[in-house]
1. Among Pro208, Pro290, Pro81, which one shows the highest mean-square fluctuation when the chain is modelled as a Gaussian network with alpha-carbon springs under 10 Å?
2. Just the Cα atoms of the range 49-164: what Rg and Dmax do they give in Å?
3. Averaging over every viewing direction, what projected area does the convex hull of the Cα atoms of the range 217-304 cover, in nm²?
4. Which order do Glu48, Glu171, Glu269, Glu160 take by accessible area at a 1.4 Å probe, largest first?
5. Based on the alpha carbon coordinates of the range 190-250, what radius of gyration and maximum Cα-Cα distance (Dmax) apply, in Å?
6. Taking 0.36 nm per residue of separation and subtracting the Cα-Cα distance, what length does fully extending Asp185 through Lys121 add?
7. Quick check: the angle from helix 251-263's long axis to the longest principal axis of the chain, C-alpha only, nearest 10 degrees?
8. Looking at the P(r) of the chain, how many percent of alpha-carbon pairs lie beyond 25 Å?
Amino acid sequence: MLQLETAGYKTLNDLRSRGEFPPEWTNIDELEQLTDRFMERFRAERFEVSKELGPGFVISELIDQTLRTNERENMDDETKPGEERLESVRALDRMNRMTFSYEHQCDLLMPLIEKLGHSSKTVGILELASGSGGLAFALAERAQKAGIEVRITASDIVPEMISEGNRLAREKNLPLSFRHLNAFDFEGIEPGSADLVVISQSLHHFTPGQLALMIAQAKRHGASAFVGLDGFRSLLLIGGVPLVASLQGIGDFTLDGLTSARKFYSGIELDIIAAIATGNETHRVTCSWPMTILHVPLKPPTGP
């Protein structure tokens, strides 16, 4: 219900037919605001289209508007001590292991990593907003078992996450390092060093404009692809995510689960963000329940 595909794609086709989608930009400094403004306009026009389509579509739109929130999760609260935010990320790691989510995400990412490995001796992977690196560790171990050479850089802006990640990486002796990084400008990332840029379970923490910046910066720094993974926007997950999170017995973490599920992007919203960031529509948005996958190729294919 919350994907709102019929009204959404009709709205997008109307905008495309008028030459208004995707909107063009020439300076990366304007990309964030342009994307946010377009998304606001798209949602407003989709509501008008829903009214034309009939009561059932309006009801779905109103439910979506009621559930959608811009509230910030506790783990994103910069006023909280870093150790407290780290505890929230550890709780997320435990939940992901309990639900085999990291295995699922590795299954989704490994075919692309294997393909990149055919043309490059070592595959450079940059993970944005990695927290303490649960997925990065799982990918490093999976690649090691598959005999694929990787160099993984996991990044975050919380120092405690970086310290914890580097400590564990040393203990496990994996080709993985953690660093402080502003995901909107990639400052300090050497062009060409990352073949694949990944962001997992964090898309909803950022505005449409911020996500567009990440995609554009990945392209500017020579990555072959950008992949975003997050929860599928649906009523089922709005109930299910906080329910599973509550098993940790941490009130703030349970509340974060509810807030996160209310903020998940629909497939068409990710479609819009990628099209604006790249200026084309070669990307794919798919679902592998309970996740939505955004795959944005950033270079022309070079082989079979």
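1. For the chain, modelled as a Gaussian network with Cα springs under 10 Å, the answer is Pro81.
2. Over the range 49-164's Cα set, Rg and Dmax evaluate to 19.4, 56 Å.
3. Numbers: hull surface 29.0 nm².
Across all orientations, the range 217-304 yields a mean hull projection of 7.3 nm².
4. Working: Glu48 90, Glu171 125, Glu269 0, Glu160 60 Å².
The ranking, largest first, comes out as Glu171, Glu48, Glu160, Glu269.
5. Looking at the range 190-250, its Cα Rg and Dmax stand at 15.4, 43 Å.
6. Values: separation 64, 0.36 × 64 = 23.04 nm, distance 2.70 nm.
In short, 20.3 nm is gained.
7. Between the helix axis and the principal axis of the chain, the angle is about 50 degrees.
8. Numbers: 22542 of 46056 pairs.
Roughly 49 percent, once rounded to a whole number.
The values are calculated or read from the model by the stated rules, or taken from the named source; none is laboratory data. These numbers were taken from a predicted model, which means no experiment stands behind them. As a convention, Cβ positions derive from the backbone with ideal geometry for all residues, glycine included, and neighbour counts pool all protein chains shown. With ligands, DNA and RNA removed, areas are computed over all heavy atoms of the protein, side chains included. Shrake-Rupley method; radii C 1.70, N 1.55, O 1.52, S 1.80 Å.
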